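Chemist: Below is one structure. I have some questions about it.
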Amino acid sequence: MYALLQLCCIRGVPHRQRRDQACIRTHFNLVQRLEWFLGGGFRVMFDNSVEQEMCPIALASHLLGDKWIPIIIRDIALFDRRTFNDVLKNNLEKISTGSLTSRLQRLVHLEMLEVTDDDTHSQKRIYSLTESGIGFVPVVFKMASWTAEFRNPSPVIVAMSQPYVDGDADAIDFFLKTLRDIHIHKTTVPEPLWWKS
């Protein structure tokens, strides 16, 4: 990478000052792209000592500041879309294959999802929420609550998830307990839209 940076800094820039500025811009862009690639489409995670110095909001934004992560958590938690193809084919927002691949890798890396092989198919992998992933579900509900109050999301979907959007503590506790039974303890096989009843 250093040789590439040197080449970018030297080649075809007539004045030293412009060369230095171009080198800095090029270096910054290359480092950003390298971080994107190494981080599975995201910035590289901090080590523990850096995280301990960060504001919790800034750290959460750094780790999860992406439009697809809450949507994937929603699809797995609410709609029991547990395989790559199930999320890809049924996602309302039409996530691309590449975006889904990198976000699932990121969620596994963040230990919000765990992945296991499917006994029925050698190439199929099953994604399950971890305790950390289940702990993020109330954040997704709060996001829905905020948009329901201050924006204009689909009234049909808001009505379908009303107790969770309204912050009904008993409904949310039941939802999270059932998610633990489905994803962690693996003692429950959910019916479609089990949480609506």
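Chemist: Label ASN152 and ILE172 with points 7 Å out from Cα along Cα→Cβ: what is the distance between them in nm?
Modeler: Taking the two extended label points, one gets 2.8 nm.
Chemist: Okay, next question. Might you tell me the accessible area per residue for segment 68-197, computed with a 1.4 Å probe and given in Å²?
Modeler: Accessible surface, normalised per residue, equals 57 Å².
Chemist: Would you mind telling me the share, in percent, of accessible area of segment 51-180 contributed by carbon and sulfur at probe 1.4 angstrom?
Modeler: Ligands and nucleic acids excluded, carbon and sulfur give 55 percent.
Chemist: Over 25 Å between Cα atoms: which of LYS94/LYS177; LYS142/LYS177; LYS124/LYS177 fall into that group?
Modeler: In this structure, LYS94/LYS177; LYS124/LYS177 lie more than 25 Å apart at Cα.
Chemist: Starting from 0.36 nm per residue, how many nanometres of slack lie between VAL139 and SER61 once their C-alpha separation is accounted for?
Modeler: Full extension of this stretch gives 26.8 nm more.
Chemist: Under 15 Å from a point placed 7 Å out from the Cα of ASP119 along the Cα-to-Cβ direction: which residues of segment 171-195 have their backbone N that close?
Modeler: 186-189
The values are calculated or read from the model by the stated rules, or taken from the named source; none is laboratory data. Because the structure is predicted, anything quoted here is derived from the model rather than measured. FYI the Cβ positions are ideal-geometry reconstructions off the backbone, even for glycines, and counts take in every protein chain you see. Protein only, heavy atoms only, side chains kept; ligands, DNA and RNA dropped before computing areas. Shrake-Rupley method; radii C 1.70, N 1.55, O 1.52, S 1.80 Å.
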